[in-house]
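Heads up: the structure comes next, in structure tokens.
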Amino acid sequence: MAAARRTTGAAAPPASLGKRELLNTRICDLGLSLQTSPIQPWIQQLYTELADRQLRFKPHFWFSDDWFCPDGIPGVAIPFYLGHRRLIRLEREMTMDVEGGDKQWCMNLLRHETAHALLNAYRLDKRADWRKTFGNPAKHYPETYQPRPYDKRFVLNLPNWYAQSHPHEDWAETFAVWLRPNSDWQHRYAAWPAIKKLRYVERLIDEIHAKPPSVKNRRTDHPVSRIRTTLREYYADKLRRYDADGPEFIDRDLYKLFGHPKRNSKGEPAAVFLLRVRKEVIESVEYWGGEYRFRIDRTIRNMAKRAAELGLQRNWKEDKVRIELVACLTMLVVDKMLKDGFHITL
């Protein structure tokens with residue numbers, strides 16, 4: 001393996017590096033700047049949204065290796081790959097997705113994390129009325145949670161019913177829905193018990209919007225300047241974690257999709273079919289199941305490998321098998337959710 005790239009002086013911009021050289025570059029050597037990043041206009045939009053609600057509070061941002069808001073810091077970490085379009089392309093190439101890679105998704109995340117920063121700035125979870133509304137903030141933060149998809153006590157902002165994972169996330173998701181322009185939450189949630197939380201947020205912000213925060217530090221946590229991991233090492237670890245928790249299938253699933261092998265059949269090999277339709281299938285399964293694209297892709301590839309070993313062929317019309325494949329994979333994702341839950345990632 002080539003040695004990790006070391007810089008002296010100014011770092012070379014990611015756009016000037018080939019894939020191999022880029023992967024061998026340390027994250028601290030990427031030379032990223034928020035001011036010139038693709039995400040900067042969206043941060044400015046967030047500030048506009050806060051100002052439109054007459055909030056004095058403005059979180060500070062920095063690049064790190066993930067989305068998060070550390071305890072006691074009124075600011076937000078943003079994953080480094082959103083710092084340059086070349087890194088966004090690499091993230092999509094390596095993981096098949098970019099968390100926050102389009103404007104709507106990114107704004108949903110920015111609003112969510114800003115809610116955590118706002119809570120830190122005003123120590124909101126110390127208030128009795130906050131605890132009465134959202135629950136005990138000292139509740140154990142689980143590694144996984146098992147959501148109830150139709151529970152109307154919680155709003156919907158990020159995927160996987162994230163508000164149900166912890167009182168802090170319930171607050172962050174509720175604030176994000178309240179802050180989003182034109183969300184029409186008064187009508188959308190009118191018949192949901194969650195409307196009481198949204199109305200609480202409205203009253204709370206009306207009370208504190210002009211007050212200076214009690215926590216004003218500009219600290220950061222795990223900034224990119226201290227991350228000496230190479231991109232190659234970063235993705236090896238990330239994909240290992242993704243791959244360890246994907247949906248699993250059994251041979252019976254393949255037989256239900258393709259039937260048993262037939263002698264002298266001239267049908268398309270099942271493995272070829274699976275690899276040919278996987279991209280469009282992944283999009284549908286991700287939409288309905290909320291699973292990472294990388295994990296769905298890995299499951300399809302494993303299905304193709306096993307189908308080839310079993311000598312399976314597509315014995316029915318393509319449209320029928322494609323629909324049933326989406327149904328099968330979605331079932332596998334939901335089954336995993338019911339057994340193991342979703343991992344806390346924010």
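Quick check, is Arg252 within 28 Å of Pro149 (Cβ to Cβ) and within 26 Å of the chain's Cα centre (by Cα)? Judged against the criteria, Arg252 is not a match. Of the residues Gly267, Gly311, Gly259, Gly290, which single one is touching a strand residue (DSSP E or B) at 6+ places or on another chain (Cβ under 9 Å) and under 15 Å from Gly246 (Cβ atoms)? The conditions single out Gly290. Candidates are the residues of segment 148-180 that are in contact with a helix residue (DSSP H, G or I) (Cβ under 7 Å, 6 or more places away or on another chain) and more than 27 Å from Arg123 (Cβ to Cβ); the one that is modelled with the lowest pLDDT is Arg148. Per the listing Leu231, Leu239, the residue uniquely in contact (Cβ under 8 Å) with a residue 60 or more places away in the chain, over 29 Å from Asp129 (Cβ atoms) and in contact with a strand residue (DSSP E or B) (Cβ under 8 Å, 6 or more places away or on another chain) is Leu231. State whether the residues of segment 192-213 include one that is of a type in the set (Gly, Ala, Ser) and closer than 22 Å to Pro79 by Cα. No, every residue in segment 192-213 fails to be of a type in the set (Gly, Ala, Ser) and closer than 22 Å to Pro79 by Cα.
Criterion applied to Arg89, Arg56 was being part of a loop (DSSP other than H, G, I, E, B) and of a type in the set (D, E, K, R), and the one residue passing it is Arg56.
Among the residues of segment 147-179, the one identified as outside any helix (DSSP H, G or I) and β-branched (Val, Ile, Thr) is Val155.
For segment 286-296, does any single residue satisfy the condition of being outside the structural domain of Pro147 (by TED's automatic domain parsing), modelled with pLDDT of 95 or more and surrounded by 21 or more Cβ atoms within 10 Å (Cβ to Cβ)? Looking for residues that are outside the structural domain of Pro147 (by TED's automatic domain parsing), modelled with pLDDT of 95 or more and surrounded by 21 or more Cβ atoms within 10 Å (Cβ to Cβ), one finds none in segment 286-296, hence no. The set of residues in segment 59-86 that are touching an Asp or Glu at 6+ places or on another chain (Cβ under 7 Å) and part of a loop (DSSP other than H, G, I, E, B) comprises Trp67, Cys69, Pro70, Ile73.
Given the criteria within 21 Å of Lys211 (Cβ to Cβ) and buried (at least 17 other Cβ atoms within 10 Å of the Cβ), does Ala117 qualify?
Working: within 21 Å of Lys211 (Cβ to Cβ): yes; buried (at least 17 other Cβ atoms within 10 Å of the Cβ): yes.
It is true that Ala117 is within 21 Å of Lys211 (Cβ to Cβ) and buried (at least 17 other Cβ atoms within 10 Å of the Cβ).
Results for (1) of a type outside the set (Ser, Thr, Tyr); (2) surrounded by fewer than 22 Cβ atoms within 10 Å (Cβ to Cβ); (3) at pLDDT below 95, shown as yes or no for each residue.
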position	(1), (2), (3)
Ala51	yes, yes, no
Pro59	yes, no, no
Pro74	yes, no, no
Glu93	yes, yes, yes
Trp105	yes, yes, yes
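Residue count for segment 180-203, restricted to those that are part of a helix (DSSP H, G or I) and surrounded by 17 or more Cβ atoms within 10 Å (Cβ to Cβ): 6. Out of the residues in segment 220-250 that are charged (D, E, K, R) and modelled with pLDDT under 95, which is nearest to Pro59 (Cα to Cα)? Looking at the filtered set, the residue picked out is Lys238. Within segment 259-275, the residues that satisfy the criterion of being among the charged types (D, E, K, R) and loosely packed, with under 14 Cβ neighbours inside 10 Å are Lys262, Arg263, Lys266.
Within segment 258-279, is there a residue that is within 29 Å of Tyr145 (Cα to Cα) and either out of contact with any helix residue (DSSP H, G or I) (no Cβ under 7 Å at 6 or more places or on another chain) or in a helix (DSSP H, G or I) (or both)? Yes: segment 258-279 contains one or more residues that are within 29 Å of Tyr145 (Cα to Cα) and either out of contact with any helix residue (DSSP H, G or I) (no Cβ under 7 Å at 6 or more places or on another chain) or in a helix (DSSP H, G or I) (or both).
Of the residues making up segment 225-248, those that are in a helix (DSSP H, G or I) and over 23 Å from Tyr292 (Cβ atoms) are Ser225, Arg226. Residue-level check: of (1) surrounded by fewer than 16 Cβ atoms within 10 Å (Cβ to Cβ); (2) in contact (Cβ under 8 Å) with a residue 24 or more places away in the chain; (3) assigned to a helix (DSSP H, G or I), Asp319 misses just (2).
The values are calculated or read from the model by the stated rules, or taken from the named source; none is laboratory data. Remember, predicted model here, so these are calculated numbers, not experimental data. Note that we place each Cβ from the backbone using ideal geometry, even for glycine, and neighbour counts take in every protein chain shown.
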